[in-house]
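The values are calculated or read from the model by the stated rules, or taken from the named source; none is laboratory data. All figures in this text were calculated on a predicted structure; none of them were measured in a lab. FYI the Cβ positions are ideal-geometry reconstructions off the backbone, even for glycines, and counts take in every protein chain you see.
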Amino acid sequence: MTESERFEHLRRLSTRLRELILRAPAQAGSGHPTSSLSAVELMATLLFGGTFRYDPDRPSHPNNDRLIFSKGHASPLFYALWTVAGQLSEDELMTYREFGSPLEGHPTMAFRYTEAATGSLGQGLSIGVGMALNAKRLDNLPYRTWVLLGDSEMAEGSQWEAIQLAAHYGLDNLIGIIDVNRLGQRGETMYGHDVEAYRKRIAAFGWRTMVIDGHSLPEIAGAYDEACAGDGAPVMIIARTIKGKGVSFVEDKNGFHGTAIEGEDLERALAELGEVDHGAVGEIRRPEDLEPEHRPAEAAQEDLAYESGKKVPTRNAYGNALKRIGPRFPTLISLDGEVSNSTRAEYFEEAFPDRFFEMYIAEQNMVGAGLGLALRGKMPFLSTFAAFWTRAFDQIRMSQYSQPNLKFVGSHAGVSIGQDGASQMGLEDLAMFRSLLGSVVLYPSDAVSTERLVERAAEHDGIVYLRTTRAGTPVIYTAEEDFQIGGSKVLRASDDDVATVVAAGITLHEALAAYEILQGDGIGIRVIDLYSVKPLDRATLSEAARATGVVITVEDHWEEGGIGEAVAATLVGTPVRFRSLAVRSKPRSGKPGELLAFEEIDRAAIVKAVRELT
């Protein structure tokens, strides 16, 4: 095929894509056709111009190039591409946005060619960073990661976190394409059509940048060829485009974002496209049949060697556990937000430097990159202070829709961290992670339970959050103790117990101390270690509530969304007197013991609650 024939073929494919982009939202009665029309030539040339390498019969092929639609609202274009590629029929495309259809309003994993669920803007480039890191540093494969970006989402700070880190790691296998179509949802974007403004800013971060006409097939093809040369820097193609391109009465006009073109307007728009070659099919170049090097699993060290009664911070045990099980889980990698000397992820880094990535103080990008790595078959453990996960909650929320095997660890949780003060105290983390669909939330109280629960997290396929503590807590379990997701431990119990105290982490030790105080007065209480906050051990909790008639929860977390609410929901319908002891006052700097007492979640508060309720 000559160059002129190639471009003529791409023009025919572009016209067919535009027809499909108009018809699918019209059928659905909703969608974003104008945002899709602006990127037609960009994506037609990428997929069908010989640059993109992908086997449609094997979407999971490890050496496929990856394509992420960060501007997920351009889903009509995304699905139309796979229709033109022969992987969707036009009838299937017309189920767009219908209940039960895999062609959802924004791409999800229900559609087999979706790399990651997108739609909340400003996240696709971070996911691309993770996928590019995987190719360059872990799998050693030549696949490239392409990310289609919208100009509106370039206002998101997470984009610049990703841009900065991609340059730091020299990800020349990552290519971003900004569809600069000038118009956002309600009007002009920050820089409108000033493509030079984007170029200067992105180039300042160390990226190779190219400014092109996003509707010129030769310019697009030339940019892709240059982008693939690779010179140690990531590439950003900044394409000036027209929103609604191809339909005169919506081209470059405000007020048509998220609006299907229907009825007579649809017929008028289709007429403007001219003749459509419905037999035109886009061919995608196949990748080399390369596989990553297989790393066999090896046995993990089993000797935990913790002395009973010795105070060990659970964050230390987390680092020890990662290092210990590293050989058993060769896909396990660690990402940390520049606090690895506090989270103790540094223990893993020392043992497996090639499987550790410093993500710096950029938690949003860390989550996105972790998701990208997870979607390429790795098992990332992401760690930072529990308080800082709130900054990245949108990325965490969105990750659940990609169904990843992703682990989060939050250290320095609660008021018990002490003098650092309120800004460092994670008091929302249990509520955040409990709210995720199908998530697991674990809160160990000593070194042994931490080690075992890190193992359970690694064995579990899905999102897991593990909360660790800054201060040392006494070792109360032996190495032989078994811990399972959804379980709990009854540490103190008798037939004469008048109340059940449910705790986890730092407050479990306060509950055990309260037990000793009450025992001295002849009062027996049942003490439960609720190390699995989600899912809960409903059977044990219900049995304890029936046996004692009183349940008191105590936690170093806000009352809202924490252990108290989780237990209370479980006990609905059970005749029981219930009280939640939790952080209710604005915390302040002070010694850990002072703060536990101030918030009334210490042993004295537990003793008081037991006396008042029995």
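Here Leu217 clears all of (1) exposed (fewer than 15 other Cβ atoms within 10 Å of the Cβ); (2) in contact with a Gly (Cβ under 9 Å, 6 or more places away or on another chain); (3) aliphatic (A, V, I, L, M) except the condition numbered (1). Residue under question is Ile242, and the condition is that it be β-branched (Val, Ile, Thr), modelled with pLDDT of 95 or more and buried (at least 23 other Cβ atoms within 10 Å of the Cβ); does it hold? Here the answer is no, as Ile242 does not meet what is asked. Within the option set Ala300, Ala280, being modelled with pLDDT under 95, surrounded by 15 or more Cβ atoms within 10 Å (Cβ to Cβ) and touching a Pro at 6+ places or on another chain (Cβ under 7 Å) holds for one residue only, Ala300.
Screening the candidates Val195, Val147, Val129, Val211 for the property of being more than 22 Å from the chain's Cα centre (by Cα), of a type outside the set (Asp, Glu) and crowded, with 19+ Cβ neighbours inside 10 Å yields one hit, Val195. Taken over region 434-464, the residue count meeting the criterion of being outside any helix (DSSP H, G or I), surrounded by 23 or more Cβ atoms within 10 Å (Cβ to Cβ) and hydroxyl-bearing (Ser, Thr, Tyr) is 2.
Conditions (1) under 28 Å from Ala471 (Cβ atoms); (2) at pLDDT below 95; (3) within 35 Å of the chain's Cα centre (by Cα), marked per residue:
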position	(1), (2), (3)
Arg538	no, no, yes
Leu541	yes, no, yes
Thr553	yes, no, yes
Arg577	no, no, no
Ser585	yes, no, yes
Ile601	yes, no, yes
Ala605	yes, no, no
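Yes/no per residue for (1) over 27 Å from Gln395 (Cα atoms); (2) out of contact with any Lys or Arg (no Cβ under 8 Å at 6 or more places or on another chain); (3) at pLDDT 95 or above; (4) of a type in the set (D, E, K, R):
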| site | (1), (2), (3), (4) |
| --- | --- |
| Arg23 | yes, yes, yes, yes |
| Ser35 | no, no, yes, no |
| Arg58 | yes, yes, yes, yes |
| Asn64 | no, no, yes, no |
| Gly86 | yes, yes, yes, no |
| Asp91 | yes, yes, yes, yes |
| Gly105 | no, no, yes, no |
| Tyr113 | no, yes, yes, no |
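Yes/no per residue for (1) surrounded by 18 or more Cβ atoms within 10 Å (Cβ to Cβ); (2) assigned by TED's automatic domain parsing to the domain that holds Ala321; (3) outside any strand (DSSP E or B):
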residue: Asn341; (1), (2), (3): no, yes, yes
residue: Tyr347; (1), (2), (3): yes, yes, yes
residue: Asp354; (1), (2), (3): no, yes, yes
residue: Phe357; (1), (2), (3): yes, yes, no
residue: Tyr360; (1), (2), (3): no, yes, yes
residue: Met366; (1), (2), (3): yes, yes, yes
residue: Phe381; (1), (2), (3): yes, yes, no
residue: Thr390; (1), (2), (3): no, yes, yes
residue: Gln395; (1), (2), (3): yes, yes, yes
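Inside region 78-113, residues that are without any contact (Cβ under 8 Å) to a residue 12 or more places away in the chain and crowded, with 24+ Cβ neighbours inside 10 Å make up a count of 0. In region 245-272, the residue that is surrounded by the most Cβ atoms within 10 Å (Cβ to Cβ) out of those that are under 30 Å from Ala221 (Cβ atoms) and among the charged types (D, E, K, R) is Lys245.
The single condition among (1) of a type outside the set (Lys, Arg); (2) in a strand (DSSP E or B); (3) in contact with a helix residue (DSSP H, G or I) (Cβ under 6 Å, 6 or more places away or on another chain) that Val607 does not satisfy is (2). Lys71 falls short on exactly one of the conditions (1) out of contact with any strand residue (DSSP E or B) (no Cβ under 9 Å at 6 or more places or on another chain); (2) in contact (Cβ under 8 Å) with a residue 40 or more places away in the chain; (3) of a type in the set (Lys, Arg), and that condition is (1). Among the residues making up region 527-561, those that are buried (at least 24 other Cβ atoms within 10 Å of the Cβ), in contact with a helix residue (DSSP H, G or I) (Cβ under 8 Å, 6 or more places away or on another chain) and more than 21 Å from Val415 (Cα to Cα) are Ile528, Val551.
Residues considered: Glu98, Glu92, Glu104. Of these, the only one that is among the charged types (D, E, K, R) and outside any loop (DSSP other than H, G, I, E, B) is Glu92. Considering (1) at pLDDT below 95; (2) in contact with a strand residue (DSSP E or B) (Cβ under 9 Å, 6 or more places away or on another chain), the lone condition that Asn316 does not fulfil carries the number (1).
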